[in-house]
1. If you scan segment 122-151, which residues turn out to be not in a strand (DSSP E or B) and not hydrophobic (A, V, I, L, M, F, W, C)?
2. Between a first residue in segment 41-60 that is at negative phi and a second residue that is of a type in the set (A, V, I, L, M, F, W, C) and part of a loop (DSSP other than H, G, I, E, B), which pairs have beta carbons less than 6 Å apart while being 6 or more apart in sequence or on different chains?
3. What are the residues in segment 68-121 that are within 30 Å of Pro135 (Cα to Cα), in a helix (DSSP H, G or I) and among the polar types (S, T, N, Q), if any?
4. Being in contact (Cβ under 8 Å) with a residue 60 or more places away in the chain and hydroxyl-bearing (Ser, Thr, Tyr) narrows it down to one residue among Thr69, Thr109; which is it?
5. Leu30 passes all but one of (1) in a helix (DSSP H, G or I); (2) within 24 Å of Ile145 (Cα to Cα); which number fails?
6. Would you be able to tell me the number of residues in segment 37-76 that are hydrophobic (A, V, I, L, M, F, W, C) and exposed (fewer than 12 other Cβ atoms within 10 Å of the Cβ)?
7. Restricting the search to segment 17-48, which residues are within 23 Å of the chain's Cα centre (by Cα) and among the charged types (D, E, K, R)?
8. Could you please find all residues in segment 142-163 being out of contact with any helix residue (DSSP H, G or I) (no Cβ under 7 Å at 6 or more places or on another chain), of a type outside the set (D, E, K, R), under 16 Å from Tyr10 (Cα atoms) and surrounded by fewer than 16 Cβ atoms within 10 Å (Cβ to Cβ)?
Amino acid sequence: MFIKAMKSIYKAIGVAESWLTGLLLFVMMLLVVYIVVARYVLKISTPGIDELALMMMIALIFVGSGAGTMEESHLKIDVRSLIFKSQKVLDITKFCSDVISMVVCFTFTYLSYEYMLWAIGSKLQTSGLAMSLAPSMSVLFVGGILMSFHLLVIVVRGAISFKKRPTGASMEGEA
């Protein structure tokens, strides 16, 4: 029952990330169209809107990276299969790579948390909109949490599949 509830929550988080990513992309596109029309057709400056579009892009990247981590669809160069031929060794190296990624992501999340706290305490503002830097710095922390959470799930799934599989069997296709 608990596992089923956790799977439902995990799926709901993934759906929310996908919708939020789409919404951020849509808003960013509207802002960029407005900027282009204002600058080149209406001949007016849009410094605050430029900053807002940049903040949307930062949010899109970090929320989208959480969704990409969930789907394990990040761009990566996999040379393991060129070096190792044994499926067992490939599975072990993938698991080790996932653990290293998770540790790096946890470190990034901690550092982005510290950066977010600094941004909140510093009272620094953007030049165009004169708004606090805290919201754009908070997006780094939220993206780190999402990526760390998904990497933790990937590592736990990998560990469970190692434990469950018979000796010599492959992890591919499981999880």
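1. Step one: filter segment 122-151 for residues not in a strand (DSSP E or B), giving 122-124, 126-131, 133-151.
Correct list: Ser122, Lys123, Thr126, Ser127, Gly128, Pro135, Ser136, Ser138, Gly143, Gly144, Ser148, His150.
2. Gly48/Leu129; Glu51/Leu129
3. Quick first cut of segment 68-121, residues within 30 Å of Pro135 (Cα to Cα) only: 68-76, 98-121.
Okay, now just the ones that are also in a helix (DSSP H, G or I), so 68-70, 98-121.
The answer is Thr69, Ser101, Thr107, Thr109, Ser112.
4. On the way: Thr109 fails: in contact (Cβ under 8 Å) with a residue 60 or more places away in the chain.
Matching residue, one of Thr69, Thr109: Thr69.
5. (2)
6. Filtering segment 37-76 down to residues hydrophobic (A, V, I, L, M, F, W, C) leaves 37-38, 41-42, 44, 49, 52-63, 67, 70, 75.
Remaining after also requiring exposed (fewer than 12 other Cβ atoms within 10 Å of the Cβ): 41-42, 44, 75.
Residues that pass the stated criteria total 4.
7. Glu17
8. Val156
The values are calculated or read from the model by the stated rules, or taken from the named source; none is laboratory data. Since this is a predicted model, take the numbers as computed values, not measurements. So basically every Cβ, Gly included, is an ideal-geometry build from the backbone, and we count neighbours across all protein chains shown.
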